[in-house]
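The values are calculated or read from the model by the stated rules, or taken from the named source; none is laboratory data. In this text, all values refer to a predicted model and were calculated from it rather than measured experimentally. FYI the Cβ positions are ideal-geometry reconstructions off the backbone, even for glycines, and counts take in every protein chain you see. When the accessible area is computed, the model is the full protein with side chains, heavy atoms only, and any ligands, DNA or RNA have been set aside. Shrake-Rupley method; radii C 1.70, N 1.55, O 1.52, S 1.80 Å.
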Amino acid sequence: MGAFEGFPADGPRFYAELEENNTRDWWIEHKDVYERAVHEPMLALLDAMSEEFGPGKAFRPNRDVRFSPDKSPYKTHQGGFVAAAEGIGYYLHLDASGLMVGGGFHAHTPETVARFRRAVNAEGPGAELERVVGDVQGAGFTIGGERLKTVPREFPKDHPRAELLKHKSLTAGITFGQPDWLDEPAAEDRIRERWRQLRPLVEWLAEHVA
């Protein structure tokens, strides 16, 4: 596999056009652009990051349309993920608007939500997570994830970490768009720096939620 040289500008353009032409015929006609400007750079980046963060995977471009009213066959973004534990790890994706980098845990089960809330409720781990989330926000990330509107009924409404207890999943992301460095090798260093900033959050989740 070749070295990561950045994400070419053809990548976001490919997805902008795909949003208007999401058909199998169009995809086949433009698949070479996808491979050159999206898929191969993503694989090269994940390979470059693997020594520090672990092996990653690039998600398939095909959508699962079995239970969706939207039968468009292809995703309008390319995601990459490095797992630190089941469902927990580092993420990035490229779409028509450009690059997004993030991490955390998105998929959840009743058991993982229960483990997460027990840890948030506990004084030591909960205070640590509160500090970590504050640091991540201070670095420019937006905290996201699926949330309840109110504090779960098993916890007091005035709990000191009430906002964290509302979460059923917890993510942090930052959207870069298409900066000047996106199509350069320096993009690797920028993404690596951001994943390092997310490491305390990912490690906390891997320890307390997985």
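Structure above, values below:
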| quantity | calculated |
| --- | --- |
| Which labelled figure in (i) 16.0, 46; (ii) 16.7, 50; (iii) 18.6, 57 is Rg and Dmax of the Cα atoms in Å, once derived from the coordinates | (iii) |
| Greater than 24 Å apart at Cα, pairs in Lys31/Lys75; Lys57/Lys166; Lys31/Lys71 | Lys57/Lys166 |
| Cα-centred dipole magnitude for the chain, charges only on beta-carbon of K, R (+1) and D, E (-1), debye, nearest 20 | 1120 |
| Dipole of the chain [Lys/Arg +1, Asp/Glu -1 at C-beta], most positive-end residue of Val113, Trp26, Ala3 | Val113 |
| For Arg147, residues with placed amide H under 5 Å, excluding near neighbours | Lys168 |
| Burial order of peptide ranges 102-113, 13-24 (average beta-carbon count within 10 Å, highest first) | 102-113, 13-24 |
| Ellipticity estimate at 222 nm from DSSP helix runs (n ≥ 4, -39,500 (n - 2.57)) divided over the chain, nearest 500 | -13500 deg cm²/dmol |
| Accessible surface of Ser97 - all protein chains present, 1.4 Å probe, nearest 10 Å² | 70 |
| Net length gained if the chain between Ala114 and Asp32 were fully extended (0.36 nm per residue, minus Cα distance) | 25.0 nm |
| Residue-normalised accessible area of the chain, expressed per residue, 1.4 Å probe, Å² | 53 |
| Whole-percent carbon and sulfur share, accessible surface of the chain, 1.4 Å | 49 |
| Net lengthening on full extension, Val65/His77 (0.36 nm per residue, minus Cα-Cα) | 2.8 nm |
| Probe 1.4 Å - accessible area at Asp158, Å² to nearest ten | 130 |
| Interchain or long-range residues, amide H under 5 Å from Ala84's placed H | Gly89, Tyr90 |
| Per-q log10 I(q)/I(0), region 73-120, q = 0.21, 0.24 Å⁻¹ (Debye; single scatterer per alpha-carbon; no solvent) | -0.79, -0.89 |
